[in-house]
Amino acid sequence: MTKITELALRTLPPNARLTDDAIEGFVARCLPSGRISFGYQYTDKATGKRKWMGIGLHGNVTADEARNQAKRFAGQVAARRDPAAELKVKVARSTNTVDHVLDQWLALHVKDCRGEVAIKQCLANHVRPAIGGRVIYDLERGELMRLVDELGSKFPRMAQVVLAHLRSAFNWWQLRDEKFKTPIVRGMVKDKQVKRARVLNAQELADLWAALEVIEHVPECFAPFVKVLLLTACRRNEVAQMHTSELDGDTWTIPATRYKTNVEHVVPLIAEIRKFLPKTFGFIFSTDNGKTPLAGFGKPKLELDRVIAEIRRRERRGAMPAWTFHDLRRTARTLMAELKIERDTAEACLGHVIGGVEGVYNRYKYIAEKTDALSKLAAHVERLVKPRPPAPAAKLRLVAG
């Protein structure tokens, strides 16, 4: 009877194979290098296929340790189990962590998306530290709810954003892995977001312009940046990241890769807008000579609000209601309506995509119409923000006594 022992292994020549008669399928192979590899070979009773289970190299594993492992494999096969398939599942389970799934989703689904950087940062800050190392198949709904509840208690809106990213990633993975079922269901986060409807009125625009003329302790490009926001009706980051490579004469083309609708948007740069653009190469609105775009809007915005409040306080007027940079885009659209600018033209100025059948067939760019609309908007804003002369003092009427 042939038995794999330490003594038998010493005489095993390279490229030779020793099969144990006591444990069917237990094999020792001498590799060309002279190292001996232990393994277990069996036939899967369900499929009839021959399969191999590596046990280890001699030196790392003794002959007796390899024999004991082969016995365990033989017992599993006798019980109609498939140890090779079970090992494959085990390896897959340990490999397919939440971090792994997110990496795959980001690389194949989110890459080059407009919000790629923001999505990566969101996941890095709020998801990976908490559940990144968890095996995706073991992830339970309760864990996600605890993550969402904790985040929602501090940042309600961010909890919705995080869950939306996870829902997208898990649904994407579920389509590719039949063994995974997403633990996310409807109703895990209640959308408490209120639709924004803030529009600055004429007096508020005048106060804003007046504050921008005198504001200090902010980047030099900040005041013109805010004015261009209103006059172009574009979004904050679209204007902040304006680059000279996007400018061609009197037009500014925002590439699809950084525009919300994933379609390039052309903005006519009328004279009233061009006069506010700093003369630089690279990023137009920058604090380091065009190397990087304007960022960190929180502190400049607080200073702007402080200056507006001071102006209103001096004139004994009430505080200005809270507003955001995006409100300027909504304000621009409202002013266009007041100016009786055609709806299609106004929507084109905002870069909104035309829906339905019309969106498929109407490929017109509205360049001339947008130029006219933005010119009318700039002229109207100029009238609204122009300083008004103080009211004449009332004359005293002398009455003879």
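The values are calculated or read from the model by the stated rules, or taken from the named source; none is laboratory data. Please read all numbers here as calculations on a predicted model, not as lab measurements. Here the Cβ positions follow ideal geometry from the backbone for every residue, glycine too, while neighbour counts run over all protein chains shown.
Miscellaneous remarks
- Being of a type in the set (S, T, N, Q) and within 20 Å of the chain's Cα centre (by Cα) holds for only one residue in SER168, SER94, and it is SER168.
- Residue in segment 311-318 that is surrounded by fewer than 18 Cβ atoms within 10 Å (Cβ to Cβ), modelled with pLDDT of 95 or more, β-branched (Val, Ile, Thr) and in a helix (DSSP H, G or I) present: yes
- Positions within segment 1-48 being among the hydroxyl-bearing types (Ser, Thr, Tyr) and under 20 Å from ASN60 (Cα atoms), in sequence order: THR5, THR11, THR19, SER33, SER37, TYR40
- Within segment 91-109, the residues that satisfy the criterion of being hydrophobic (A, V, I, L, M, F, W, C) and touching a helix residue (DSSP H, G or I) at 6+ places or on another chain (Cβ under 7 Å) are VAL98, VAL101, LEU102, TRP105, LEU106.
Quick grid of which residues meet (1) touching a strand residue (DSSP E or B) at 6+ places or on another chain (Cβ under 7 Å); (2) under 25 Å from ALA256 (Cα atoms); (3) at pLDDT 95 or above:
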position: ALA322; (1), (2), (3): no, no, no
position: ALA332; (1), (2), (3): no, yes, yes
position: GLU338; (1), (2), (3): no, no, yes
position: VAL353; (1), (2), (3): no, yes, no
position: GLY356; (1), (2), (3): no, yes, no
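- Residues within segment 60-73 that are closer than 25 Å to PRO13 by Cβ and outside any strand (DSSP E or B), tallied: 9
- Scanning segment 220-245 for residues that are buried (at least 17 other Cβ atoms within 10 Å of the Cβ) and assigned to a helix (DSSP H, G or I) yields a total of 16.
- For GLY152, the test of being surrounded by 13 or more Cβ atoms within 10 Å (Cβ to Cβ), free of Cβ contacts under 8 Å to residues at least 40 places away in the same chain and touching a strand residue (DSSP E or B) at 6+ places or on another chain (Cβ under 8 Å) is failed.
- For segment 196-219, the candidate set comprises residues that are β-branched (Val, Ile, Thr) and not in a helix (DSSP H, G or I); within that set, the residue that is nearest to GLY296 (Cα to Cα) is VAL218.
- Positions within segment 250-298 being surrounded by fewer than 12 Cβ atoms within 10 Å (Cβ to Cβ), in a helix (DSSP H, G or I) and under 29 Å from the mean Cα position of the chain (by Cα), in sequence order: THR257, GLY298
- The residue that is farthest from ALA8 (Cα to Cα), among those in segment 74-96 that are β-branched (Val, Ile, Thr) and exposed (fewer than 12 other Cβ atoms within 10 Å of the Cβ), is THR95.
- Residue selected from segment 98-145 under the condition farther than 18 Å from ARG167 by Cβ and outside any helix (DSSP H, G or I), by the criterion modelled with the lowest pLDDT: ARG114
- Out of LEU230, LEU139, LEU144, sole residue that is in the same structural domain as LEU374 (by TED's automatic domain parsing), at negative phi, touching a residue at least 40 places away in the same chain (Cβ under 8 Å) and not small (Gly, Ala, Ser): LEU230
- Apart from one condition, GLU246 fits all of (1) charged (D, E, K, R); (2) at pLDDT below 95; (3) touching a Ser or Thr at 6+ places or on another chain (Cβ under 8 Å); the exception is (2).
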